[in-house]
Structure formats: structure tokens, C-alpha cells
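Below is one structure, written out as C-alpha cells, with a few remarks after it.
The values are calculated or read from the model by the stated rules, or taken from the named source; none is laboratory data. What you are looking at is a predicted structure, and each value in this text was computed from that prediction instead of being measured. Remember, those area values only see protein heavy atoms, side chains included, never the ligands or the DNA or RNA. Shrake-Rupley method; radii C 1.70, N 1.55, O 1.52, S 1.80 Å.
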Amino acid sequence: EKPKNGMKMSTKVKFYEEIYQKSDSYARDLRPMFDNATRFLTFKPKSVVDYGCGLGNMADMFAEKFGCEIYKYDPAIPKLSAYPPGHYDLALNTDVLEHIPEEEIDNILSNIRKLAT
């Protein structure tokens, strides 16, 4: 896959792009995961990036609860595929890494880390 913004993308991006083209209505109830994640936050984030956001349900919950600026990024969804600009107080990555080939996980985690530093 061609790198975006100098970051190497997963080889599976094209595969998930095709899945989302067939149906962009995939959604799941992320409320339990959101409740667990926010239970351990020790600060109120002003900005959040959701890396591999799918439809962005989790980012929307953060915006609602904290009134923070959110950026939704998913390379497999054309309208959300622009690489996140800048840095964020918090980077989310929910239900993503299990879909990434093992040999690419370090690269993806490195990309996420650079967004939250």
C-alpha cells in the first residue's frame, strides 16, 4: 500500500476498503468499551484521534462526554482516509490491531504513538 503522509499503511487496507464499499452501515455498541476506557482517564482530553475509527462511534462518544475536538481516521474509508494532522491529547485504537498482520503491528503502533506525543 502506498504510504500516506510518510507513514506506512497496512497491507490489509485495500481489503477493508472493499468491505466498507459493500456496506458502510457496520456499527457496534462500543458503550461498554467506552465506559471502561474513560474510567481510567486521569485527565480531560481536549483533542482525540480515533485511529482506525470505522464509523467513528467511539470518537463521537468522547466528543459528547468531554466536549473535545475529535479526528476520525480510517484508511479503508475514503471520506476518513486523510492522515491525521498534528498531535492529540489522546489516541484511540479500538478493535483494530487484531485485523493487522502481525509483522505490521509495530509500525501501526509507532504511527499511533507519533500522533499522541
> Does the range 101-117 hold any residues that are assigned to a loop (DSSP other than H, G, I, E, B) and over 23 Å from Asp35 (Cα atoms), and which are they?
Replying inline: Pro101, Thr117
>> Of all residues being farther than 25 Å from Ala82 by Cα and not charged (D, E, K, R) in the range 37-53, which is least open to solvent (accessible area, probe 1.4 Å)? Just the residue, please.
In response: Thr38
